[in-house]
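Only one structure is covered here, and it is reproduced in the block below.
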Amino acid sequence: MRPALILLSCALLSACTEPAAAPPDDLRARQEAACTATIAAHIHRPATEITARWISQTGGIAKVETRDGNRLHLCDVDASGRVLGYTHPGA
């Protein structure tokens, strides 16, 4: 019985020392960042002046809204974070 307790204690201690699993990659955040960078380059402004919001996804392509001030831009972004195109609705 005693050897079993020793083995159990060692197993519990080794479980405590294993590194924590890395957080899962946040696809939406990557897509928002890609759209932000593209629009920042497009309007020649720093990315910090742009806000992004993930809207939806259809067929593996996300629609991301960005705003600089009150100007709206919509990006189509794939799962790898590549911007496929953008539009200026209402312009």
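So here's what we get for this one:
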{"read-out": "Leading residue by the ranking (surrounded by the most Cβ atoms within 10 Å (Cβ to Cβ)) among those in the stretch 38-53 that are within 10 Å of CYS75 (Cβ to Cβ) and of a type in the set (A, V, I, L, M)", "value": "ILE39"}
{"read-out": "Verdict on ARG71 being in contact (Cβ under 8 Å) with a residue 40 or more places away in the chain and basic (Lys, Arg)", "value": "no"}
{"read-out": "Residue within the stretch 68-75 that is in a helix (DSSP H, G or I) and at pLDDT below 95 present", "value": "no"}
{"read-out": "Meets criteria (at pLDDT below 95 and assigned to a helix (DSSP H, G or I)) for ALA40", "value": "no"}
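The values are calculated or read from the model by the stated rules, or taken from the named source; none is laboratory data. Since we're looking at a predicted model, the values are computed, not measured. All Cβ positions, glycine included, derive from the backbone under ideal geometry; neighbour counts span all protein chains shown.
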